[in-house]
Each structure stands twice: as C-alpha cells, then as structure tokens.
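> Before I ask anything, here is the structure I am working with.
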Amino acid sequence: MDWWPLGNFWAHFAVFALAIIVFVLLMVMVFIWFERRAFGPFQMRWGPNRASPWGALQPVADAIKVLLKEDIVPAVADKWVHFIAPVVGFLPVLLIFAVVPFHDGHGLIPDMSIGILYVVAISALSVVGVFMAGWSSGNKYSLLGGMRVIAQMVSYEVPLVLSIISVVLVAGSLSMNEIVAAQEIPFFVLMPLGFLIFLIAAMAEINRGPFDLLEADSEIVAGFHIEYSGMKFAMFYLAEYGHALAMSAVAATLFFGGWRGPGDEYIGFLWFLLKVFFIFFLLIWARVTFPRLRVDHLMGFGWKFLFPLALMNVFVVAAEMIVWGEIDGGMPWWIVFINLPAALVLIYLWSRLFRFGGGRVGVNA
Amino acid sequence: MSSIAKVLNWGRHYSTWPFGSGLACCAMEMVATASSRFDITRFGMDVFRASPRQADLFIVSGTLTWKMAPAVKMLYDQMAEPKWVIAMGACAISGGTFAHSYSVVPGVNRIIPVDVYVPGCPPRPEALIYGVMMLHKKIDKRKFRQQD
Ligand code: SF4
C-alpha cells in the first residue's frame, strides 16, 4: 500500500467505513425531513410539524414504525431474490461514498485515480437490485416497474457519462479530489450546459422527481416495491434517498467545487455539506414542479434531446480545451462568456428542433 | 415494557401512512383532507401509499357494495400488521342512504374490523382529521402485550 500516505491502511479503512455508514444513515434522515418540510412552502401547506418542533423527529417516527411492521413475503415470490434485492439496491449507494472527498483529501479513498469512473460503474449497479425486486415479487406491476427502470437507466446513463467527460476534460484527471482541486472557478459556471445535463440525467438515474416512472402510482400501483413491507421496504426507501444523497455529493464535487470555499482548510466539510444540500434542494424543486413524464416521452427526451446536447457539449468543451486550455487542467475565466450563450443557444435551437418533429414519438411517427 | 410500548406507540402515532384508496363520493373529501388547505401532512400522514403492503391506515371512504366487498376484504388482508381502519361517512358506517338496498353492505364492520367511525354524508375534512386524532389516541393506549 505504498500509495497510501496515512500508514495503517486497515485502521483508516475501518474508521472511515463506519463514519460513512453513519453519515449516510443520518443524512438520509435529515434529507427525508428536509424534503417533506420543503414540500410545505411549495404546496402552500405546513408539512410535518407535530412529531416535535418543526417535525424534526418525523423520520425517526417513520423509521420506528416501518422497521417494526410485519414482513410479508408473497407465496409466489422467489424467496431468496426477494430477500436479497433490498441489500443489492442499497449497497452501491454506500460504495459511491468511498471515493467522495469530504474534505481536502479526506475520505475513504478520495484520491483513487479512477474515482469518477468508479462512481459511474457502481451507481449503475443499484438498478440490479431494483430489477431483482421487480422480478422476484411475482407481480406484474412490479415487473413492469423493474423493466421501466432498466430502460430508463440505460438511456440516461449515456448523457450522464458524457457530461462527466466534459468535466474530466477540463480537470485533466479522473480522481475526485483532483477534480475538486482543479476548480478555481466552479465548473457549473464554466460549463452551465454540462451541469444542466448532469442534473437532469442524475434525476433520472436516481428515479426521482419527474422521472419516478418505476413507481408511478397512477399507472403501476407502487412499481417495483409493491410487494415489499416492513424492513425491506425501509431499505428501498433508504436506498432511494441515499442515492439522491450520493448523486448530490457527486454533483457538488464535480460542479460546485466540493469542499472548496473561503477558509476551506478548516471548514471544508461544511462547505461540502452546504453544496450537497443546495443540490438536493434543486432536486426537490424539480420534483414538486414538474409532473411525471410518460414512458415514451421519457425515452424520446433521453435519446433525442439530452444525448445530442451532451455530445455537442463535449465537442464544444473539447474544442475550447484545445484552443485555450491550460496544460495542468483548467480554463481561463472568460470562457464563461462563450459557454453561457453557447448553452442557451444550443438548448433553444435543439428544443425547437425537438418540438418541430424530431422529438415526436409514436406509432406512425 | 411500558416504555418500549411508549416508543412504539409514539412512532406509530406520528407515522400513520394512509392507504390511497377511495370507494365513492366520500373519497373526494379524503382527497381534500390531503390537499394543502386541510393538510393531513402535519400529522406525518402525507405518504399516501399506493400499495396496501406499506400502509397502516385504511380509510374506507364511501359506499361499499357487495360486489366490491371481496376486493376491500382482500386489500385489508394484504395490509401488514399493525393496521387500523377508519370508516368514513354514513355509507361506510351503516350503509347510510342505501342501508336497505339489496346491493350495499350495511356497514363495513360486517367485513373488516373498524377502529374509528367518522359520521357525515360526507364528513367534512375537519371531521376526518378529528377522526384521525381519535385514532391517534387509540394508538397511544396500546399496551405492550397488544403490540404485534
Ligand atoms: S356517506 Fe354520503 S358522501 Fe359518503 S359515500 Fe355515502 S352517500 Fe356518498
């Protein structure tokens, strides 16, 4: 382990693994509370406010109730797969945090040289858990939900990875910590289009907001977890919010400069948390604002709108890097004045084209 | 033992997720209860579960016909313990206007056990919220022996 600067590898491993588990569980609680409270002002209501002041203990009450509810396994279920699916769904979420730098160089393995590649590879795994759940329940609606999630994942993984490529091009590294270190100017300023594509694709990836087709209750009842109750359902709930947390953390790292901010040698972790919360707020905002997409619209939007835009974004960023890029990564600050109008023009033009018929999907299109 | 029961009751009190199902006109009042004006979210009940497996509270809202009765019974059976039932509206309580009809179940308590009855035709959302608070009182009184 000569690449490891901190001497005892296993001690570090144990401490940080524990810390990450605690962090994820706590933050999921906070996120559930934050989301339900944030829904309040958006929908002109109060939100949970009885469980304690500001409803702060609401997720605790939910946890107590859900964990102690009866566990039902359908008679026709594939017992083992049904049992193991929630774990398979939740594990990748925890694994993502292994490479997230919480502070300058602090984390489980924040300077893993293939950091972001690892994130992409791992986060795609959670779909296996979801599909296992959908298939093993022995219920047609859950199977439909599982099928939908695979289609959605495959199509939105592509723009997600392409927008990450533009970040990697500018930062000149795959390591999460070095990507943060390269952000003198946060990348969401340098590449607004890349950030937008990443955010939308991430929303689809974590099956939230307008993209929660896999549990569309007006179409397929409760989707893949229709037959799950009690603790296993709690695992899925945990995985859903944990994935949102993970994607917010990745977005904060890639586009908002992670732990960077004034005084980051002391309060870098707080900056990181603040940015995570900000991005999660954007996700909530999208979720309350937009209605759920239709399946064919979802695929059309993914392949005919996001994918070409992501390609063009990579092209633009690559060209800029060839012409004005600096050797050690990074771009001059005035690139903002090119990229912002370019993003607006591209989005406008492509949405016109999309509306004009390019985006039409149907039997006789 | 009683302190454990207290914790359990506290959790169930503040997180009684209703089951998103409606039978007849009363269901509209149930929907209104969930909307922002009456805001059932305050009690932590904003999670209207679509699947009976994950719901705790079955609000039987509306006229129950004999034809629908097996479905309602099955939905109730599919819910995981512990579970509660609110009979909402005159029809669910006793058949209401249709009590003497050949096709209407005269009260859902013929089919499934009911915890709280909310009278009215239809009950106003305030009445349903009052019924929910009565149910909360009932949940708070559960002894440890009664916990499932
Ligand atoms: S009680 Fe009145 S409002 Fe409710 S279902 Fe019966 S007839 Fe309709």
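> What does the net charge come to around A:Phe280 if you take all other residues with beta carbon closer than 14 Å to its beta carbon, with K and R at +1 and D and E at -1? Don't jump to the answer; show the numbers that get you there.
Values: positive: A:Arg36, A:Arg37, A:Arg208, A:Lys275, A:Arg287; negative: A:Glu35, A:Glu240.
Every neighbour counted, the sum reads +3.
> Taking 2.2 N^0.38 Å as the expected size of a compact globular protein, what ratio does the Cα radius of gyration of the range B:1-134 give against it, to two decimals? Before the final figure, lay out each step's value.
Working: Rg = 14.6 Å, N = 134, 2.2 N^0.38 = 14.1 Å.
After normalising by residue count via 2.2 N^0.38 Å, the value is 1.03.
> Where the convex hull is taken over the Cα atoms of chain A, what is its projected area averaged over directions, in nm²? If you can, show how the numbers build up before the last one.
Values: hull surface 83.4 nm².
Value for chain A: 20.8 nm².
> On average, how many beta carbons from a partner chain sit within 10 Å of the beta carbon of a residue in B:52-59?
Going residue by residue through B:52-59 and averaging, the value is 5.
> Further question on the same structure: From largest to smallest, what semi-axes in whole angstrom does the range A:155-267 give when each is the square root of 5 times an eigenvalue of its alpha carbon gyration tensor?
Details: eigenvalues 207, 57, 21 Å².
Working through the eigenvalues yields semi-axes of 32, 17, 10 Å.
> Show which aspartates and glutamates lie in cross-link reach of A:Lys140 when reach means a straight Cα distance below 16 angstrom and same-chain residues fewer than eight apart are skipped.
A:Lys140 reaches A:Asp78, A:Glu215, A:Asp217, A:Glu219, A:Glu227.
> State the percentage of accessible surface on the protein assembly as shown attributable to carbon and sulfur atoms; use a 1.4 Å probe and exclude ligands, DNA and RNA. Before the final figure, lay out each step's value.
Numbers: 16300 of 23060 Å².
The value for the protein assembly as shown is 71 percent carbon and sulfur by accessible area.
> Still on this model: Between B:Thr65 and residues 5 or more places away or on another chain, which pairs have amide H atoms under 5 Å apart, with H built 1.01 Å from N, and which residues are they?
So B:Thr65 has HN proximity to B:Val105.
> Can you give me the relative contact order of the range A:236-353 as a percent, contacts being Cα pairs under 8 Å and 6 or more apart?
Details: 46 pairs, mean separation 19.8, N = 118.
The value is 17 percent.
> How charged is the neighbourhood of A:Ile165? Take every other residue with its Cβ under 15 Å from the Cβ of A:Ile165, and add Lys/Arg as +1 and Asp/Glu as -1.
-2
> Just give the residues from the range A:50-89 buried by at least 20 square angstrom of accessible area in the all-chains context relative to the isolated chain, probe 1.4 Å, and say none if nothing qualifies.
A:Arg50, A:Ala51, A:Gln58, A:Ala61, A:Asp62, A:Ile64, A:Lys65, A:Leu68, A:Lys69, A:Glu70, A:Ile72
> Ok, one more. Can you give the average number of partner chain beta-carbon atoms within 10 Å of each beta-carbon in peptide B:81-88, as a whole number?
Partner-chain Cβ atoms within 10 Å, mean over residues of B:81-88: 2.
> Still on this structure: GNM, chain A, Cα, under 10 Å: largest mean-square fluctuation among A:Phe97, A:Phe233, A:Phe198?
A:Phe233
> Out of A:Ala318, A:Ala98, A:Ala19, any idea which swings most in a Gaussian network model of chain A, alpha carbons joined below 10 Å?
Looking only at A:Ala318, A:Ala98, A:Ala19, the biggest GNM fluctuation is shown by A:Ala19.
> Could you run the Karplus curve 6.51 cos²θ - 1.76 cosθ + 1.60 with θ = phi - 60° over the range B:77-87 and give me ³J(HN,Hα) per residue in whole Hz, x for Gly and Pro?
Couplings: 5, 6, 6, 7, 5, x, 9, 10, 10, 10, 8 Hz.
> A follow-up question, please. What residue among A:Val127, A:Val288, A:Val99 shows peak mean-square fluctuation when chain A is described by a Gaussian network model with Cα springs under 10 Å?
A:Val288
> Let me ask something else. By average Cβ neighbour count within 10 Å, what is the ranking of A:168-181, A:78-91 from highest down? Working shown, then result.
Values: A:168-181: 22.1, A:78-91: 18.1.
The densest-packed peptide leads the list: A:168-181, A:78-91.
> Counting pairs of alpha carbon atoms under 8 Å apart in space and at least six apart in sequence, what relative contact order in percent does the range A:57-353 give? Don't jump to the answer; show the numbers that get you there.
Numbers: 470 pairs, mean separation 73.2, N = 297.
The normalised contact order for the range A:57-353 reaches 25 percent.
> Using alpha carbons only, how many angstrom separate the centre of the range A:113-186 from the centre of the range B:96-121?
51 Å
> Let me ask you something else. Using modelled amide H (1.01 Å from N, peptide plane; none on Pro or chain starts), what sits under 5 Å from the amide H of B:Val85, excluding residues fewer than 5 places away?
B:Phe58, B:Asp115, B:Val116
> I need the helices of chain A that pass two filters: whole DSSP H segments spanning 18 Å or more by Cα along the axis, and mean Kyte-Doolittle score no lower than 1.0. Kindly include the intermediate steps, with their values, before the conclusion.
Working: long enough: A:9-42 (47 Å, 1.81); A:79-96 (28 Å, 1.83); A:140-171 (46 Å, 1.43); A:192-205 (19 Å, 1.99); A:230-255 (37 Å, 1.03); A:264-289 (37 Å, 1.53); A:307-324 (25 Å, 1.90); A:336-353 (25 Å, 1.68).
Helices passing the filter in chain A: A:9-42, A:79-96, A:140-171, A:192-205, A:230-255, A:264-289, A:307-324, A:336-353.
> Okay, next question. Considering only Cα-Cα distances, which of the following residue pairs are longer than 27 Å: A:Lys69/B:Lys137; A:Lys79/B:Lys83; B:Lys67/B:Lys138; A:Lys232/A:Lys275; A:Lys65/A:Lys275; A:Lys65/B:Lys67?
On the way: A:Lys69/B:Lys137 19 Å; A:Lys79/B:Lys83 24 Å; B:Lys67/B:Lys138 31 Å; A:Lys232/A:Lys275 31 Å; A:Lys65/A:Lys275 31 Å; A:Lys65/B:Lys67 33 Å.
Beyond 27 Å: B:Lys67/B:Lys138; A:Lys232/A:Lys275; A:Lys65/A:Lys275; A:Lys65/B:Lys67.
> Please list A:Met231, A:Met132 in order of solvent-accessible area, largest first, computed with a 1.4 Å probe with all protein chains present.
Values: A:Met231 115, A:Met132 40 Å².
Output order, biggest surface exposure first: A:Met231, A:Met132.
> What is the interface area between chains B and A, defined as buried accessible area summed over both chains with a 1.4 Å probe, reported in Å² to the nearest 100? Don't skip to the answer; put the middle values down first.
Values: alone 8020 and 17730 Å², together 23060 Å².
That pair of chains buries around 2700 Å² in total.
> Averaged over peptide B:11-21, how many Cβ atoms belonging to another chain are found within 10 Å of each residue's Cβ? Could the numbers behind the result be given before it?
Working: counts 11, 5, 5, 12, 11, 2, 4, 0, 0, 4, 0.
Per residue, the number of nearby Cβ atoms from other chains is 5 on average.
The values are calculated or read from the model by the stated rules, or taken from the named source; none is laboratory data. Since the model is a prediction, treat every value here as computed from it, not as a measurement. Here the Cβ is made from the backbone with ideal geometry for all residues, glycine too, and neighbour counts use every protein chain on show. Accessible surface is based on the protein model in full, side chains and every heavy atom, while ligands, DNA and RNA are left aside. Shrake-Rupley method; radii C 1.70, N 1.55, O 1.52, S 1.80 Å.
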